[in-house]
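Peer 1: Submitted below is the structure of interest, expressed as structure tokens.
The values are calculated or read from the model by the stated rules, or taken from the named source; none is laboratory data. Just so you know, these numbers come straight off a predicted model, no measurement behind them. Neighbour counts run over all protein chains shown; Cβ positions are idealised from the backbone, glycine included. Protein only, heavy atoms only, side chains kept; ligands, DNA and RNA dropped before computing areas. Shrake-Rupley method; radii C 1.70, N 1.55, O 1.52, S 1.80 Å.
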Amino acid sequence: MALWRIRAALEDEPGRLAAITAAIAACGCNVFGFSVQTHEGGPVDEFFVSTPEEISRFRLIETVSRAGGTQVTAVPADPHDLVDAPTKALQLAAALLAAPDTLPDIMADLLGADDAWWDEGTEGVADATVLIVPVPDGRRVAVVRQGLPFTMTEAARAGALAALGR
């Protein structure tokens, strides 16, 4: 079995979520987690899905798209991603309070990012896979995650975490 994180924008209409989950189930896949996040264009639904090994990323995207999802992305997930967001945020906040200079690493963990560092001027970045987070002391953290754009909800979480590092 493989674990995937799938994000899709869904029309806010009765039965749309049921159609998506039924399409996922028809492929022999199982939804392990679900959340809704705020984004500029409207809500984005996020699914953690366990799939048979032969189910490809492209098949998942096609399945969700055909069931009515738009702007569909799918990336491999880790079982640790299934920890609920509030619990994970509290654990990372405690770690940050113990070691404030580790903010980039902690932020990367919070957001499931590929990399994060103290930013010294990534001006003009217009890529949804790069998030620049201001820190109250005037510094900034750059966070990068390929293949899965950051949502406004994630930006808000990162900002709240950065505020703890004072």
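Peer 1: Quick check: at a probe of 1.4 Å, how many percent of the accessible area of the chain sits on carbon and sulfur atoms?
Peer 2: Solvent-exposed carbon and sulfur of the chain make up 56 percent of the total.
Peer 1: Same structure, new question: Can you give the angle from 0 to 90° between the axis of helix 152-164 and the longest principal axis of the chain, with both taken from C-alpha atoms, to the nearest 10?
Peer 2: 30
Peer 1: Based solely on C-alpha atoms, express the radius of gyration and the Dmax of the stretch 27-166 in angstrom.
Peer 2: 16.2, 50
Peer 1: Given the protein chains as shown and a 1.4 Å probe, how many square angstrom of L110 are accessible, to the nearest 10?
Peer 2: 30
Peer 1: Run the dipole for the stretch 68-137 about the Cα centre, Lys and Arg Cβ at +1, Asp and Glu Cβ at -1, nothing else charged, and hand back the magnitude in debye, nearest 20.
Peer 2: It comes to approximately 320 debye.
Peer 1: Shifting gears a bit: DSSP loop (so not H, G, I, E, B), at most 14 other Cβ within 10 Å: list which GluC sites (Glu not before Pro) in the stretch 18-113 pass both filters.
Peer 2: Answer in residue order: E40, E53, E54.
Peer 1: Going by alpha carbons, how many degrees (0 to 90, nearest 10) lie between the helix axis of 57-66 and the longest principal axis of the chain?
Peer 2: 70
Peer 1: Can you send over the solvent-accessible area of F150, 1.4 Å probe, protein chains only, in Å² to the nearest 10?
Peer 2: 10
Peer 1: Which value, in Å², gives the accessible area per residue of the stretch 62-134 when a 1.4 Å probe is used on the protein heavy atoms? Write out the running numbers ahead of the final one.
Peer 2: Numbers: 4190 Å² over 73 residues.
Using a 1.4 Å probe on heavy atoms only, each residue of the stretch 62-134 averages 57 Å².
Peer 1: Given Cβ point charges of +1 (Lys, Arg) and -1 (Asp, Glu) and nothing else, what value in debye, to the nearest 20, does the dipole of the chain about its Cα centre take? Mind dumping the intermediate values first?
Peer 2: Working: 12 positive and 23 negative charges, 53 e Å.
Charge dipole of the chain: 260 debye, to the nearest 20.
Peer 1: Sorted by accessible area (1.4 Å probe), largest first, how do W118, W4 line up? It would help to have the intermediate numbers written out before the result.
Peer 2: On the way: W118 75, W4 35 Å².
Descending order: W118, W4.
Peer 1: Also: At 222 nm, what value in deg cm²/dmol follows for the chain if DSSP H runs of at least 4 each add -39500 (n - 2.57) and the sum is divided by all its residues, to the nearest 500?
Peer 2: Numbers: 5 runs with 57 residues, N = 166.
Estimated from H runs of four or more residues: -10500 deg cm²/dmol.
Peer 1: Please work out the Cα center distance from the stretch 137-163 to the stretch 1-62, rounded to the nearest Å.
Peer 2: Each part reduced to its Cα centre gives a spacing of 23 Å.
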